[in-house]
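Before any comments, here is the structure.
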Amino acid sequence: MIRPRPHLASRSIAIACIAWATLVAGRVAADELDAYREFATSPRCDALLAFTRAALHEYFENDGAAAAAATPATPDSLVPDWPGPPTGLFLSLTRGASTRACVGTATPAAGTLAHHLRRLAAQVLTSDPRHPPVRADEWTRCA
């Protein structure tokens, strides 16, 4: 799992690119994951986390479902593209040591990383079948 830098963990969304799932399934060679390992400790990861948090904020600012149709306030160009071959992608929200919501897929996704993060931002707030939808007054307390 790729984790944000420790100093960002309490304020950031835990983004888990499920690289090991694709490795175990034999879809990605171990050396192809090096780009993801390097990315996790780079300033580009900070930009990715900031973009994802902005996408969550925009979801509530644009009345939920309407967010998908709205012109995003945060341009996709702020997010680096996939650091290596596309992998499965999961977005998790945590509160303390508990998972509040988590959605994603272990299947490599097509399209840009920004596109998938926007889609997952809406899904993590509404579509985790194990939890009720995340409320507008609640998500900012999640990491």
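Here are the numbers for this structure:
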item: Label point 7 Å beyond Cα of ALA73 along Cβ direction - residues of the stretch 117-143 with amide nitrogen under 19 Å; result: 117-123, 125, 135-142
item: Length released on extending from GLU38 to GLN123, taking residue separation times 0.36 nm less the Cα-Cα span; result: 27.9 nm
item: Check: the stretch 31-143 dipole with +1 on Lys, Arg Cβ and -1 on Asp, Glu Cβ, in debye; result: 400 debye
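Rule-based calculations on the coordinates, nothing more; no lab input. Treat the numbers as computed from the prediction; the structure is a model and nothing was measured. So basically every Cβ, Gly included, is an ideal-geometry build from the backbone, and we count neighbours across all protein chains shown.
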